[in-house]
1. Of the numbered conditions (1) more than 19 Å from residue 116 (Cα to Cα); (2) assigned to a loop (DSSP other than H, G, I, E, B), residue 379 fails exactly one; give the number of that condition.
2. Pick from segment 167-179 the residues that are modelled with pLDDT under 95 and crowded, with 16+ Cβ neighbours inside 10 Å: which of them is nearest to residue 271 (Cα to Cα)?
3. Just give me the residues in segment 140-166 being touching a residue at least 60 places away in the same chain (Cβ under 8 Å), crowded, with 20+ Cβ neighbours inside 10 Å and within 10 Å of ligand 1 (Cβ to nearest atom), in sequence order.
4. Identify, from the list 134, 150, 182, the residue that is assigned to a strand (DSSP E or B) and modelled with pLDDT of 95 or more.
5. Quick one: in segment 387-405, which of the residues that are touching a strand residue (DSSP E or B) at 6+ places or on another chain (Cβ under 6 Å) and within 16 Å of ligand 1 (Cβ to nearest atom) is modelled with the highest pLDDT?
6. Looking at 96, 101 in this structure, which one is surrounded by 23 or more Cβ atoms within 10 Å (Cβ to Cβ) and more than 8 Å from ligand 1 (Cβ to nearest atom)?
7. Does residue 331 count as within 28 Å of the chain's Cα centre (by Cα), assigned to a strand (DSSP E or B) and away from ligand 2 (no atom under 11 Å from the Cβ)?
Ligand SMILES: Cc1cc2nc3c(=O)[nH]c(=O)nc-3n(C[C@H](O)[C@H](O)[C@H](O)COP(=O)(O)OP(=O)(O)OC[C@H]3O[C@@H](n4cnc5c(N)ncnc54)[C@H](O)[C@@H]3O)c2cc1C
Ligand code: FES
């Protein structure tokens with residue numbers, strides 16, 4: 001009798017334990033399901049927010065020209081000034097990618113046609129204001145005009161930010177920014193963007209100037225180094241060997257880079273005068289840095305040509321020595337009623353047109369800004385380098401194109 005009671009008690013307890021375990025498991029499973037559902041909801045919300053932000057950026061983007069007010073003009077050094085620009089319509093601005101540039105169509109007195117020029121955005125991405133920093137070039141049309149004639153309160157015609165020399169805020173590879181003179185502008189913007197995003201990768205900003213007086217936006221560089229422990233700024237001065245403000249003397253060289261960098265395994269971004277770009281790009285290639293890790297911004301046609309040549313190693317130059325230039329073909333410029341024979345002497349169709357006194361708007365002369373887009377009436381063109389600005393088969397970018405057989409352009 002007692003034994004039967006014990007067995008019954010044990011069975012009842014076992015049943016209760018199993019039943020309790022089953023309930024507990026169901027509760028735990030339900031909790032896990034709830035947690036997964038919550039995670040899914042959060043991920044969907046995040047995706048929706050990102051998509052909404054993307055749509056907003058597309059909405060804020062503009063085509064063609066937009067009026068900008070010069071909100072502030074600040075003298076930075078003896079030959080450079082910054083211009084803070086706000087949209088005249090008072091609406092928000094699309095966030096640009098650090099490193100991009102603006103294209104201006106300037107109405108310069110005594111110039112027959114508007115002058116088109118590009119200027120890199122020199123501040124970190126901002127939805128309220130854009131900033132450019134312009135160096136006065138001796139006898140330069142646009143830079144003299146901006147320095148001497150454009151004042152606070154003036155309106156300028158500006159195209160939306162463009163360019164693929166840029167860095168994402170989330171960039172997480174060790175990075176070296178190599179700047180020469182006013183070429184600091186896009187690289188400073190990149191350093192700002194990386195600092196604001198809190199990206200943790202090691203970043204070097206090596207900045208070459210002539211003397212301490214030529215060093216642009218010093219306070220901003222100092223603020224960035226104070227805020228960002230991963231950013232190391234080094235300023236080199238080539239003008240006077242005893243300038244106490246210099247971190248190193250002389251020009252930026254591959255030997256200096258080899259001394260301060262742990263290896264060549266960095267992403268390199270460089271912008272500066274053509275001789276600096278030419279030697280640094282060639283030396284980086286020689287050091288074994290792959291072309292995909294070298295990013296360059298050319299401030300003019302001469303930089304485009306030297307960088308493109310320096311990017312190729314000797315064997316690649318040999319392989320590409322026959323660069324498929326069709327010579328002897330005729331190029332007709334319909335609107336100007338002029339025809340020329342392409343001899344291969346001109347670097348591209350833009351220079352060829354200019355040699356025939358035909359004016360085509362051109363800002364970057366590097367296939368990035370789109371200001372030279374010209375319709376093709378018949379024939380086709382080919383590109384020696386893939387342009388950053390994309391256009392359809394019925395139009396071309398004469399600044400980086402050459403004819404591919406007989407050609408008629410609407411210029
Ligand atoms: C993507 C990009 C970003 C840029 N960012 C910046 C920036 O942030 N800051 C900046 O200051 N600049 C920047 N530039 C350069 C800028 O666009 C202009 O090229 C620069 O300001 C000079 O323009 P300019 O009209 O003053 O000079 P130009 O009138 O174009 O003259 C330039 C030089 O060429 C000489 N020259 C002109 N015509 C002739 C001729 N027929 N024969 C011989 N010589 C001639 C002039 O004397 C002068 O020395 C950038 C360029 C690009 C493409
Ligand atoms: S001038 Fe900028 S794309 Fe040709």
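The values are calculated or read from the model by the stated rules, or taken from the named source; none is laboratory data. Since we're looking at a predicted model, the values are computed, not measured. Because the Cβ atoms are built from the backbone with ideal geometry, glycine has one as well, and the counts that use them run over all protein chains shown.
1. (2)
2. 167
3. 146, 162, 163, 165
4. Working: 150 fails: assigned to a strand (DSSP E or B); 182 fails: assigned to a strand (DSSP E or B).
Among 134, 150, 182, only 134 is assigned to a strand (DSSP E or B) and modelled with pLDDT of 95 or more.
5. 398
6. On the way: 101 fails: more than 8 Å from ligand 1 (Cβ to nearest atom).
The conditions single out 96.
7. Details: within 28 Å of the chain's Cα centre (by Cα): no; assigned to a strand (DSSP E or B): yes; away from ligand 2 (no atom under 11 Å from the Cβ): yes.
Taking the combined requirement at face value, the residue does not satisfy it.
A quick yes/no check of all residues on (1) more than 19 Å from residue 125 (Cα to Cα); (2) touching a strand residue (DSSP E or B) at 6+ places or on another chain (Cβ under 7 Å):
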residue: 23; (1), (2): yes, no
residue: 30; (1), (2): yes, no
residue: 36; (1), (2): yes, no
residue: 41; (1), (2): yes, no
residue: 44; (1), (2): yes, no
residue: 50; (1), (2): no, no
residue: 62; (1), (2): no, yes
residue: 80; (1), (2): yes, yes
